[in-house]
Every structure is written in structure tokens, then in C-alpha cells.
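Asker: Below you'll find the structure I mean.
The values are calculated or read from the model by the stated rules, or taken from the named source; none is laboratory data. In this text the structure is predicted, and so the values were computed from the model without any measurement. Cβ placement follows ideal geometry from the backbone for every residue including glycine, while neighbour counts extend to all protein chains displayed. When the accessible area is computed, the model is the full protein with side chains, heavy atoms only, and any ligands, DNA or RNA have been set aside. Shrake-Rupley method; radii C 1.70, N 1.55, O 1.52, S 1.80 Å.
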Amino acid sequence: MIVDTLEHLLENDNAYGEKIQRGLQFLRHTDFSGQAAGRHDVNEEMFYFINEYETKDADQCFWEAHRVNLDLHYILEGTERIGYAAVEQLHVRDEYSAEKDAVFFTGALESAVTAGPGALVVCYPQDGHMTGIEAGRIEAVRKVVMKIKL
């Protein structure tokens with residue numbers, strides 16, 4: 001998992017693979033303000049969701065990880081906590097679904113980062129992540145979750 005800002009990640013263009021760089025550039029040059037929530041296709045290797053929700057207590061959130069796509073979580077509005085655990089530390093709740101490219105887990109929340117507007121969190125297949133956790137209070141979050149095919 002990588003936690004930073006979009007601008008900082010763009011400054012280190014040699015540190016990440018070409019696909020991630022294309023995703024970062026797409027995030028930089030796209031105006032998401034008028035886009036509806038839901039799925040938006042970019043090309044064969046990238047698509048994204050505009051997600052809008054209210055944060056909640058961690059007990060109401062869930063762990064997930066992916067195998068085909070990595071996630072770029074780019075926060076547009078609001079603040080949330082995103083939990084992290086190596087998938088080996090979690091227990092499979094629902095087996096991998098190729099249709100959803102997701103496996104769901106149970107496990108204790110021991111590590112989380114706080115992400116507000118401009119923050120970008122990169123989740124690799126080995127990164128179990130739990131999103132939508134309140135950061136001190138319940139608030140509305142609007143974010144882009146870009147999926148990049150590995």
C-alpha cells in the first residue's frame with residue numbers, strides 16, 4: 001500500500017510502472033466534478049468508479065482485496081480512514097469472485113490511514129483494505145477508485 005498525495009506521486013514519475021503513471025496522469029487531467037456516481041470506462045486496462053457515501057464505524061465496514069486490478073483511491077471530498085492489513089493476516093469470508101475481482105475477509109482493524117481531499121492510496125493485490133471508516137465523525141465522502149489491470 002502506498003499513501004501520499006496525487007501531486008507527490010506525480011513528482012516521482014520513475015518510481016512507479018507505466019500503467020500506474022498513466023492512471024496518475026488521468027487523475028490529474030480529469031475533471032470529476034460533474035460526473036455521476038458509478039462506473040466509467042477509460043480503456044482496456046483502466047476504469048474507475050465515482051463512489052459517494054457516508055463514513056461509518058469500522059464494525060460496519062468490510063475487508064477486501066483484488067487479484068486482477070490494483071486500486072487507486074483518490075479522495076475528492078470528505079475524509080475517511082482506510083484500514084490496511086496484509087491478506088495473510090486476514091481470514092477469508094467470501095472466496096474470490098472473478099466477476100467482482102474481489103475476495104472479502106474478516107479480521108481485526110489494527111492499522112489505518114486518514115485520507116482527505118487530494119490524498120491518494122494505492123492498494124496492491126496483497127493489500128487487504130477497508131474503506132469508509134469514520135475519521136472522528138460521520139461525513140460524506142466522494143472519491144474516485146481507479147482500477148488498473150495488472
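Asker: For the chain, the longest stretch holding no trypsin sites (Lys or Arg not before Pro) located in a DSSP loop with at most 15 other Cβ atoms within 10 Å is which? It would help to have the intermediate numbers written out before the result.
Answerer: Values: sites that count: 67, 100, 137.
Between exposed loop sites, the widest span is 1-66.
Asker: Just read off the accessible area of residue 76 with the full protein assembly in place, 1.4 Å probe, to the nearest 10 Å².
Answerer: Here the accessible area works out near 50 Å².
Asker: Here's a follow-up. Rounded, prolate or oblate: pick one for segment 63-128, where a ≥ b ≥ c are the square roots of the eigenvalues of its C-alpha gyration tensor, a/c under 1.5 means rounded, and failing that, prolate if a/b is larger than b/c, else oblate. Please list the in-between numbers first.
Answerer: Values: a/c = 2.38, a/b = 1.47, b/c = 1.62.
The shape class here is oblate.
Asker: If contacts are Cα pairs under 8 angstrom and at least 6 residues apart, what is the relative contact order of segment 15-150 in percent?
Answerer: Contact order relative to length: 39 percent.
Asker: If you don't mind, there's one more thing I want to ask. So what's the back-of-envelope 222 nm ellipticity for the chain, counting only DSSP H runs of four-plus at -39500 (n - 2.57) apiece and dividing by all residues, rounded to 500? Walk me through the numbers on the way to the answer.
Answerer: Numbers: 2 runs with 18 residues, N = 150.
Mean residue ellipticity, 222 nm, calculated: -3500 deg cm²/dmol.
Asker: Positive end of the charge dipole of the chain (Lys, Arg +1 and Asp, Glu -1 on Cβ, about the Cα centre): tell me which of 5, 43, 33 has its Cα farthest that way.
Answerer: Result: 43.
Asker: Where only protein heavy atoms count, and the probe is 1.4 Å, what is the accessible area per residue for the chain in Å²?
Answerer: Per-residue accessible area for the chain comes out at 52 Å².
Asker: Quick one: divide the alpha-carbon radius of gyration of the chain by 2.2 N^0.38 Å and tell me what you get.
Answerer: Computed over Cα atoms of the chain, the ratio equals 0.99.
Asker: Across segment 2-75, what fraction of all alpha-carbon pairs, as a whole percent, falls in each successive 5 Å bin from zero upward?
Answerer: Going out from 0 Å in 5 Å bins, segment 2-75 shows 3, 11, 23, 23, 20, 13, 6, 1 percent.
Asker: So for segment 93-146, taking the charge dipole from beta-carbon charges (+1 Lys/Arg, -1 Asp/Glu), which of 123, 103, 146 sits furthest toward the positive end?
Answerer: Working it through, the farthest residue towards the positive pole turns out to be 146.
Asker: Run the paramagnetic zone check for residue 109: 7 angstrom along Cα to Cβ, then residues of segment 51-74 with backbone nitrogen under 17 Å.
Answerer: 53-65
Asker: How far apart, in nm, are two points set 7 Å out from the Cα along the Cα-to-Cβ line at residue 41 and at residue 91?
Answerer: Each label point lies 7 Å from its Cα, and together they span 4.0 nm.
Asker: If you roll a 1.4 angstrom probe over the protein chains with everything in place, what fraction of the accessible area of segment 28-130 belongs to carbon and sulfur, to the nearest %?
Answerer: 45 percent
Asker: Past 19 Å, Cα to Cα, is the threshold; run 100/149; 56/143; 56/147 against it and keep the listed order. Don't skip to the end; give the middle numbers.
Answerer: On the way: 100/149 13 Å; 56/143 16 Å; 56/147 24 Å.
Distance filter (> 19 Å) returns 56/147.
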